Structures are given as C-alpha cells and as structure tokens.
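The values are calculated or read from the model by the stated rules, or taken from the named source; none is laboratory data. This one's a predicted model, so the numbers in the text were calculated from it and none came from an experiment. Here Cβ is always computed from backbone atoms with ideal geometry, including for glycine, and neighbour counts include all displayed protein chains. Note: areas computed on protein heavy atoms with side chains; ligands, DNA, RNA excluded. Shrake-Rupley method; radii C 1.70, N 1.55, O 1.52, S 1.80 Å.
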Amino acid sequence: MLSVKDLVVNYGAIQAIKKVSFEIHTGEIVTLIGANGAGKSTILHTISGIMRPVSGQVTYLDRQIQKVSAPKIVQAGISQVPEGRHIFPGLSVQENLQMGAFLRKDRRNIAQAYEDVYNYFPVLKQRRHQDAATLSGGEQQMLAMGRALMAAPKLMLLDEPSMGLAPIFINEIFDIIRAINAAGTTVLLIEQNANKALSIANRGYVLASGEIKLSGTGQELLANTAVQKAYLGG
Ligand code: ATP
C-alpha cells in the first residue's frame, strides 16, 4: 500500500532522515519504534505531506506522493493523528469530529462515520456537546483518533498515541487501534512504548539517528536481545 524509498529529510543543515526505506502492506499494523529524536515524527510528516523530502520517494497505491499537498493526501485516504492530539479547543467534541470530515466529497456517508466513531468511543457520544478542551488526556486522544477516522482513511498514521496517558487508557487505545485495523484500516504506528506497539504490530522497524537499524515481525523484535536492551528495559 505504501512504500518509502531512500527517503532523506533535512531541517536546514541537520539531516534528520538518512535514506530510509520501508513498506506497509494493505491490512497491516506496522510500527516504527525508536528513542526521542530518532526521526519518527519527521517520517510521518513527510508521508502526510507536511514536510518535503530532499530526495527519495513515497509511493501510495502506485502513485508517488512526495510532492502532493497535505489536503490532497488526506483526500487520497491517509489521515494523521498528531503527537499531542491537537484537538480544537473552543469547539465541541462533535464539531472537532466534523472538522475531520471537512475534505470529504461523499457528504451523505458522514452520518454513518459519526456512528462508527461513537461506536469505537462511546464516551465521545456522551460528551459530544461538551467543549473538547474539557476532556481528559485519554479522551482527547480518542477524539484525535475519531477526527482522523471521519476522513475515512485507508491508512491511518498514529504519532505516539500512548504518550502521557494512564495505563488504563493506554490499554484501551491499543485495543481500539486493533479494532480499527480489523475493520479494514491499515495502520502505521509510531511509539516510544515499544513493548505495546510491537505486541499489536504485524511488523516493525527500529529507527535510530534517522536510519532503520532493524526490522522484523512484532514477535521477532520483541524477542530480539538488542531491542530488549535498548527499548524494552530488558
Ligand atoms: P520525538 O519522539 O521526540 O518526536 P522523533 O523520533 O519523532 O522524536 P523527530 O521529531 O522526527 O524525532 O526528530 C528527528 C531529528 O530532527 C531530531 O534530531 C530533532 O532534533 C530534529 N528536529 C526535529 N524537528 C526539528 C526542527 N523543527 N528544527 C530542527 N531540527 C528538528
């Protein structure tokens, strides 16, 4: 579904991503794990069209998208759930969801999209008229995921969904990522919580200093001693 080939991304003179290549097949959950500053968010921003690479290709459904604008990429079926949620304060929960459907052309399917989101996250339905800023961190994460779902993505990019959340919310968020995937959405998951991410992923890549150092199935990487030492506290 998505292939990243020899991607190089800079911030001025700093080379953040150094010839990174990886693939995501339709139906998979793929995770990119790595420490703070490894370059995970930069890769997501490049796929979603927020950043431009210096060189390399991003191919999505047989079409190169590394020069396509972010709104067009959303319309093509890639939605990003940003690190730190970035919900819109001052808008209700439902209005935040509505923003996620802003670029959709098939307006008549939007009512169903709200229902789907409220099925995944019943608490959002209870709170739909509430200012989104009044939600807890875990609920805001749910809202950010719901907002991305409103765009009817084929591929969902999740940037650190567990960051700053209580363990009970972390488990719930990971269960829902699995359910969203089971319902047909392919997932690219970026996480510092490598243990959780690898447990639900079909495959994973380990990123360090802007380079892919290792790859394998989720189970292979969980069992890898270097991964355990560096990322799993083993
Ligand atoms: P984090 O979990 O902290 O977001 P990350 O793995 O997502 O880490 P990136 O945010 O992609 O890493 O950062 C990769 C590298 O690029 C780091 O060395 C970082 O310092 C650098 N970097 C990120 N954003 C900028 C920026 N706006 N200007 C300059 N350098 C940046």
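For the listed peptides 184-196, 46-58, a ranking on the average number of other beta carbons within 10 Å per residue, highest first, reads 184-196, 46-58. Across the stretch 142-234, C-alpha contacts under 8 Å between residues 6 or more apart give a mean separation that, scaled by the residue count, equals a relative contact order of 22 percent. Probing with 1.4 Å while keeping every protein chain in the model, the per residue accessible area of the stretch 1-140 equals 50 Å². Dividing the helix sum by the residues of the chain, where each DSSP H run of 4 or more adds -39500 (n - 2.57), gives a mean residue ellipticity at 222 nm of -10500 deg cm²/dmol. Start at zero, step by 5 Å, and the Cα-Cα distances of the stretch 1-122 spread as 2, 9, 17, 20, 19, 15, 11, 6, 2, 0 percent across the bins.
Measuring between alpha carbons in the structure, the pairs from LYS105/LYS196; LYS67/LYS213; LYS19/LYS196 lying more than 32 angstrom apart are LYS105/LYS196. Measuring against 24 Å, Cα to Cα, the residue pairs LYS72/LYS125; LYS5/LYS154; LYS18/LYS154 contain LYS72/LYS125; LYS18/LYS154 as the ones spanning a longer distance. Shape verdict for the stretch 1-43, please, from the Cα gyration tensor: rounded (a/c under 1.5), prolate (a/b greater than b/c) or oblate. Oblate shape, in that a/c is at least 1.5 and b/c is the bigger or equal ratio.
Distance from the C-alpha centroid of the stretch 100-124 to that of the stretch 36-51: 27 Å, rounded to the whole angstrom. Nonpolar atom fraction for the stretch 84-234, defined as the carbon and sulfur part of the 1.4 Å probe accessible area, stands at 51 percent. Ranked from largest, the principal axis spans of the Cα set of the stretch 98-138 equal 32, 18, 16 Å.
Using only Cα coordinates, the Kirkwood hydrodynamic radius of the chain works out to 18.0 Å. When you count the other C-beta atoms within 10 angstrom of each residue and take the mean per peptide, 122-131, 23-32 line up highest first as 23-32, 122-131.
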